[in-house]
Amino acid sequence: MRVWLEDTEVTGLCTRLTVDKEAAAAGAEAEVVLVCAPEDGRLPRLDPACGQWVHVRQEGELVFAGRVEQVSYDAAKLALTLSCYDPASLLAKNHCRGPYTGTPAEIARQLCLLCGLEPGEIWDGDGMPVQLSASCGRNCYRTLRSLYDDNCVVEYRDGRVNVYPPGGQTTVLTGGQLVGLTSRNTAREAVTRVRVYKNGRVAAQCTDEEGLLRLGLRSRDEYLSMKYPSAAQQARAGLRGEARQARLAFTGRSPVKCGQLVTLDRPLMGVYGTYLVTQVTWRCEKGLLTTELGVESL
């Protein structure tokens, strides 16, 4: 990966680079560690300031573009650390009051413009009109996610903010490229039967027959919620199976993005089936580029 600070390439001074994007975060974050010795005339003089742009490219492709928000210097280690965030992070730094009325896409565009950001491809969700009451103290990102029931991914790309649904195309990962793997499978929060009550009576009931055979009866009772179109849908939504999480590390840079679906080419150490990518981290240190994926089962 190659790194620029404003118009100056600093790749040769970079000892460690991390670019991280979480599905639940507004923007991507980059941490750049540079060799910096102000008294050594053999090294380029660096005096970065908050607000300057940092660009990271891999084989000509723009991987990250963001502004410096924190500058740290360790004289003992001669290490200059830049913490940078892409412009989509401004959604979490601006508060909005409302009220707002419109489809999720229409309100999301308003929130982007309020933060000085240009909206790009904005997912319309279910396309139904939404009414958000006035509220002080809530930031634009929390408001935007509430439009999609916290089930969306925000990405800054080509100078615009894009909002898209999680899921979609499934990418097969090759286990032979793995350099690290941690996993956790748990059935502690599993629910195999849900009953929804209305006026003291069962309005709907749903049972996971396969889960019932494997895990036994794990029931939960709920009151009817207006959040769901029907009691039956609420009961189905309440079922929970075995939760599986994993963190995978691969050599090289993977093009997989947050919100995509991935599966390994073969079951490996408890990692099997299809997963949703919740975090993507690219690391470059000592000339070795790796991709780390945080994934959760559906």
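The strands (runs of 3 or more DSSP E) falling completely within the stretch 57-113 that include 2 or more residues that are crowded, with 21+ Cβ neighbours inside 10 Å and of a type outside the set (Ser, Thr, Tyr) map to 61-74, 79-85. For residue 149, the criteria (1) under 19 Å from the mean Cα position of the chain (by Cα); (2) touching a residue at least 40 places away in the same chain (Cβ under 8 Å); (3) loosely packed, with under 15 Cβ neighbours inside 10 Å hold in every case but one, which is (2). A single entry from 256, 277 fulfils the requirement of being modelled with pLDDT of 95 or more, outside the structural domain of residue 60 (by TED's automatic domain parsing) and of a type in the set (A, V, I, L, M, F, W, C): 277.
Looking only at the stretch 237-248, decide whether some residue is touching a strand residue (DSSP E or B) at 6+ places or on another chain (Cβ under 7 Å), crowded, with 16+ Cβ neighbours inside 10 Å, under 30 Å from residue 59 (Cα atoms) and not charged (D, E, K, R). Yes, the stretch 237-248 contains at least one residue that is touching a strand residue (DSSP E or B) at 6+ places or on another chain (Cβ under 7 Å), crowded, with 16+ Cβ neighbours inside 10 Å, under 30 Å from residue 59 (Cα atoms) and not charged (D, E, K, R). The set of residues in the stretch 19-34 that are of a type outside the set (D, E, K, R), buried (at least 17 other Cβ atoms within 10 Å of the Cβ) and out of contact with any Ser or Thr (no Cβ under 6 Å at 6 or more places or on another chain) comprises 19, 25, 28, 30, 32, 34.
The strands (runs of 3 or more DSSP E) found wholly in the stretch 199-276 and carrying at least 1 residues that are within 24 Å of residue 153 (Cβ to Cβ) and small (Gly, Ala, Ser) occupy 243-251. Could you check, for the stretch 186-193, whether at least one of its residues is under 30 Å from residue 254 (Cα atoms) and in contact (Cβ under 8 Å) with a residue 40 or more places away in the chain? Yes, the stretch 186-193 contains a residue that is under 30 Å from residue 254 (Cα atoms) and in contact (Cβ under 8 Å) with a residue 40 or more places away in the chain.
Just one residue in the set 180, 168 is small (Gly, Ala, Ser), closer than 22 Å to residue 271 by Cα, assigned to a strand (DSSP E or B) and modelled with pLDDT under 95; that residue is 180.
The values are calculated or read from the model by the stated rules, or taken from the named source; none is laboratory data. Treat the numbers as computed from the prediction; the structure is a model and nothing was measured. With ideal geometry, Cβ positions are generated from the backbone for all residues, glycine too; neighbour counts draw on all protein chains shown.
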